[in-house]
Amino acid sequence: MHYKIADGIYWVGVVDWDIRNFHGFTYTTSRGTTYNAYLIVDEKPTLIDTVPQQFYDEMLANIKEIIKPEEIAYLIANHGELDHSGSVVNILKAAPKAKLVCSTHCQGTLKRYFGSRLGRDSAVATQDYQFDPQVVKTGQSIKIGKRTLKFIEAPMLHWPDSMFTYLPAVALAMAGAPAEALASSEPPAKHGSAQAGDETDAILFPNDAFGQHIASSARFADQIDETVLMDEAAKYFANILAPFGSLIVKKIEEVQKMNIPINMIAPSHGLIWRSDSGVPPQAGRTHQRINPGKIIQSYLDWSKGETNGGVVIVYETMWGGTAKLARALADGITAEGVKVNIYQVPGTDRSDIIKEILLNRGLLVGSSTHNNDMLPNLAGLLYDLSGLRIKGKIGAAFGCFGWAGGAIEAIEEELKETTVEVVNALPGVKFSPAPEEIAKTVEFGKDFARRVKAKNGTSSQK
Ligand SMILES: Cc1cc2nc3c(=O)[nH]c(=O)nc-3n(C[C@H](O)[C@H](O)[C@H](O)COP(=O)(O)O)c2cc1C
């Protein structure tokens, strides 16, 4: 079922209620996801992005509710990853006159996935498609009728081929609005009709930036619980975009310098961010509208490591000694009035722990020594974390050992790899902590909490 998001602009994507693992098994999508494709109905109907190939029929049915697929004049591929490009070839076959528009890198990506030589490498059925795209660069635009689409390359957000498409506001009624009678999943009265002087929203289609993996019958961010929304947005940033923090800051600043109004951010996954400006009241709105500026500011904060959060304790244990240390540390941190959460691996989901690490300042990591090293599940988490390069954390290691130890040193080394500012470790505890060692651990927790407060204070003064 399609959904009208603005005059002449339709969500024609798919909700994937079932998916629980993404990018193989690197990211848990416990709330499912959506693959957002957008259809702009103008003189030259334009489709922005597609859906995974197995959902092609559903997207096609959504498009058919609005126009004949063969009428599509432009297909914009903002990104070549298969969750967005999986149906590109199908659409180009269904709409033979459609011109594919993409970045130089995206052309290369699509050829690798669907070109004649390389179909065998792909999880997608072998194709032999000859691409003839219109390659666009930052600053270039295409006129699709009353509307003009502008392109902003966004390399490494999160692949080299990534691109944003921007639709400036346009005075529809004055220019001749598309008929309001077009099919819609909502009664037309709820949308209002274009009046003289009405504008469509200025919309940024940033593909994978600003997304969240949430399956929902709602399409707008203000129609679901904000805590859930921001939690999933943070998880998405932490696990996918964090390595590119400095590029994100630069790209946001570049877009801000362009001084273009953005009333709506329509990402390729999850809910659409919109402001009050230019959008008529909608049924089903249960929350205050969240200005797109909120997610932009959150991206800036997360990219720079800005947080006033507490402490995350994450540990793995064989016989429970390290767990006792974790709880004693939490007691000390709590006594200092700092928020703390404990997560045991592998019992807690790794993607969720990484999100918690993003949102907090302190990171205490514990493991019993196993074969002169930390335990393997914890090692997997730290290995993942080191690639994500989340900024602005202070951390320390702790754990029990039997004879020569080794886990604490291994954790410290890995934390330094992840750009965590490592403070002196809690001394290792032989086999099981004695009462006086528990007391020392509580004190260590208090001291660590004070460091967290000091670092929070320093950064909030910046
Ligand atoms: C399979 C296995 C391997 C171990 N390897 C080491 C080791 O290489 N060096 C060491 O000091 N202790 C080693 N230990 C001892 C544990 O580190 C020790 O029992 C510790 O107290 C366990 O802490 P926990 O209660 O948090 O699991 C090993 C224990 C087991 C069961």
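Nothing in this text is a laboratory measurement; each read-out follows from the coordinates by a stated rule. Note that the coordinates shown come from a computational prediction; the quantities given were computed from them, not determined experimentally. Because the Cβ atoms are built from the backbone with ideal geometry, glycine has one as well, and the counts that use them run over all protein chains shown.
Ranked by the mean number of other Cβ atoms within 10 Å per residue, highest first, peptides 83-95, 214-226 order as 83-95, 214-226. The dipole here belongs to the chain: it is taken about the Cα centre, uses +1 on the Cβ of Lys and Arg and -1 on the Cβ of Asp and Glu, and is about 720 debye. By other beta-carbon atoms within 10 Å, ranking Tyr38, Tyr129, Tyr383 with the fewest at the front produces Tyr383, Tyr129, Tyr38.
Can you give the local net charge around Leu204? Use residues other than it whose beta-carbon is closer than 12 angstrom to its beta-carbon, Lys and Arg +1, Asp and Glu -1.
Values: positive: Lys150, Lys251, Arg274; negative: Asp201.
Here the count lands on +2.
Among Leu75, Leu300, the order by Cβ neighbours within 10 angstrom, fewest to most, reads Leu300, Leu75. Cα extents for the chain along the principal axes, largest to smallest and rounded to whole angstrom: 79, 49, 36.
No disulfide-compatible partner, judged by a Cβ distance under 4.7 Å, exists for the following cysteines of the chain: Cys400. Each eigenvalue of the Cα gyration tensor of segment 311-461, multiplied by 5 and square-rooted, gives one semi-axis; in descending order these are 22, 19, 13 Å.
When the C-alpha to C-alpha distance is required to be over 29 Å, the pairs from Lys97/Lys251; Lys111/Lys391; Lys143/Lys304; Lys111/Lys143 that qualify are Lys97/Lys251; Lys111/Lys391; Lys143/Lys304. Going by neighbour counts of Cβ atoms within 10 Å, the residues His23, His269 line up, fewest first, as His23, His269.
Suppose every K and R has +1 on its Cβ and every D and E has -1 on its Cβ; what is the size of the dipole of segment 311-461 about the Cα centre, in Debye to the nearest 20? Charge dipole of segment 311-461: 540 debye, to the nearest 20. Cross-link partners of Lys257 among lysines, defined as those whose alpha carbon lies under 17 angstrom from its own and excluding same-chain residues fewer than eight positions apart: Lys150.
By the helix-only formula, in which each DSSP H run with n ≥ 4 contributes -39500 (n - 2.57) and the sum is divided by residues, the chain has a 222 nm mean residue ellipticity of -10000 deg cm²/dmol.
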